[in-house]
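See below for the structure under consideration.
The values are calculated or read from the model by the stated rules, or taken from the named source; none is laboratory data. Quantities reported herein were computed from a predicted structural model and do not represent experimental measurements. In this analysis, Cβ positions are derived from the backbone assuming ideal geometry, glycine residues included, and neighbour counts consider all displayed protein chains. Please note that ligands, DNA and RNA were not included when accessible areas were found on the heavy atoms of the full protein model with its side chains. Shrake-Rupley method; radii C 1.70, N 1.55, O 1.52, S 1.80 Å.
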Amino acid sequence: MELEFTVHGHSCDLALHPVSEKTARIIQEQGSEVYSMKALEWWRKGNTATWGMRIDDVCHIRVTLDGEPVELDRTAIVADPLKIRRRLYLDSRAKFLCVLGFDNEVCKFTWKWSNIEEFNPAKFDFMVHQWDRIMGERGYFILDEVRYDDEFATNHDWCDASGFTLVPPRIIDLEEVRRELNQGAPEHEGPPFPFRDKTSQTVSE
C-alpha cells in the first residue's frame, strides 16, 4: 500500500540572526529595506532557521492510503512541538535577535511511503517548531518533517509554489526573554497573544 500525507497552505522560510544593539536600531529604523542591504537571500543564512509548512487556519491536510482518504487527528500534529528555538542564543552573550524571511508562500508538500503493510495513525511522528514568541502570534506552528513507523518518506514533493512576500524584520530583546523565563513563562510563549484554538478538528477529507 502507498501512504500519502499532503499539506497545502503557507510555507515558511525563516531565520534568526544575532545582532548588536546598533544593528538592531538600524533594522528598526530601516524596516524591510534591510533586505536590500546585502547580497540577495543573505537573510536565509541564520544559524537557527526553519523551512516548512505553517499549521494555520488555511492549512489543508489530506492523508490517503492507496488514494482513499483516512482519518488523522489534527491535534496530534502539534501535540509535541520542539522548543529548542532560542537556546542557541539564550545561553550565549547575544542581546538581540532579528527574525527575517517569509511565511506566506502558498504551496503543497507531500510525503509518500511505499509498501505500507498496515495503517495506524499513531505511527506518525511529526517534527514541528513552535515560534510563538518569535513571531508574536500564539499557536505559531511550523511542520518541518514527517515520519511514519520511524521511517522517512520514500518520496518528498514540493510543488505549486505561488510566490511570497518577506515579513517586516522583527527584533527580539533576548534580555527581555531571559527575564520572562526566569519569571516562569513557558519557553515557547512569552507575553500573552490573541488566541484562537486552530487545532480542534479531525482531518478526513
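Identify the residue in region 111-147 that is assigned to a strand (DSSP E or B) and open to solvent by less than 10 Å² (accessible area, probe 1.4 Å) and, among all such residues, is nearest to Arg62 (Cα to Cα).
The residue in question is Trp111.
Going by what's in this entry, would Glu145 be described as over 11 Å from the mean Cα position of the chain (by Cα) and closer than 30 Å to Glu180 by Cβ?
No, not satisfied.
Just to verify a result, which residue in region 50-63, among those that are surrounded by 17 or more Cβ atoms within 10 Å (Cβ to Cβ) and assigned to a strand (DSSP E or B), is modelled with the lowest pLDDT?
Residue satisfying both the conditions and the ranking: Thr50.
Among the residues that make up region 96-103, is at least one of them closer than 19 Å to Arg62 by Cβ and either buried (at least 16 other Cβ atoms within 10 Å of the Cβ) or not small (Gly, Ala, Ser) (or both)?
Residues of region 96-103 that are closer than 19 Å to Arg62 by Cβ, as a first pass: none.
No, region 96-103 contains no residue that is closer than 19 Å to Arg62 by Cβ and either buried (at least 16 other Cβ atoms within 10 Å of the Cβ) or not small (Gly, Ala, Ser) (or both).
Take region 161-184 and flag every residue that is assigned to a loop (DSSP other than H, G, I, E, B) and surrounded by 11 or more Cβ atoms within 10 Å (Cβ to Cβ).
Of everything in region 161-184, those that are assigned to a loop (DSSP other than H, G, I, E, B) and surrounded by 11 or more Cβ atoms within 10 Å (Cβ to Cβ) turn out to be Ala161, Phe164, Val167, Pro168, Pro169.
Say whether the condition of being at pLDDT 80 or above and of a type outside the set (S, T, N, Q) is met by at least one residue in region 179-201.
yes
Identify the residue in region 14-44 that is modelled with pLDDT of 90 or more and surrounded by fewer than 13 Cβ atoms within 10 Å (Cβ to Cβ) and, among all such residues, is nearest to the chain's Cα centre (by Cα).
Only one residue tops the list, namely Gly31.
Inside region 134-167, can you point out the residues that are hydroxyl-bearing (Ser, Thr, Tyr) and within 22 Å of Lys112 (Cα to Cα)?
Narrowing region 134-167 to residues hydroxyl-bearing (Ser, Thr, Tyr): 140, 148, 154, 162, 165.
Once the filter is applied, which keeps residues that are hydroxyl-bearing (Ser, Thr, Tyr) and within 22 Å of Lys112 (Cα to Cα), region 134-167 yields Tyr148, Thr154.
Which numbered condition in (1) more than 24 Å from the chain's Cα centre (by Cα); (2) surrounded by 12 or more Cβ atoms within 10 Å (Cβ to Cβ); (3) not charged (D, E, K, R) is the only one that Gly67 fails?
With respect to (1) more than 24 Å from the chain's Cα centre (by Cα); (2) surrounded by 12 or more Cβ atoms within 10 Å (Cβ to Cβ); (3) not charged (D, E, K, R), Gly67 is out only on (2).
Here is a yes/no grid of residues against (1) more than 30 Å from Glu176 (Cα to Cα); (2) in contact with a Phe, Trp or Tyr (Cβ under 9 Å, 6 or more places away or on another chain):
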| site | (1), (2) |
| --- | --- |
| Glu71 | yes, no |
| Thr75 | yes, no |
| Ser114 | yes, no |
| Phe141 | no, yes |
| Thr154 | yes, yes |
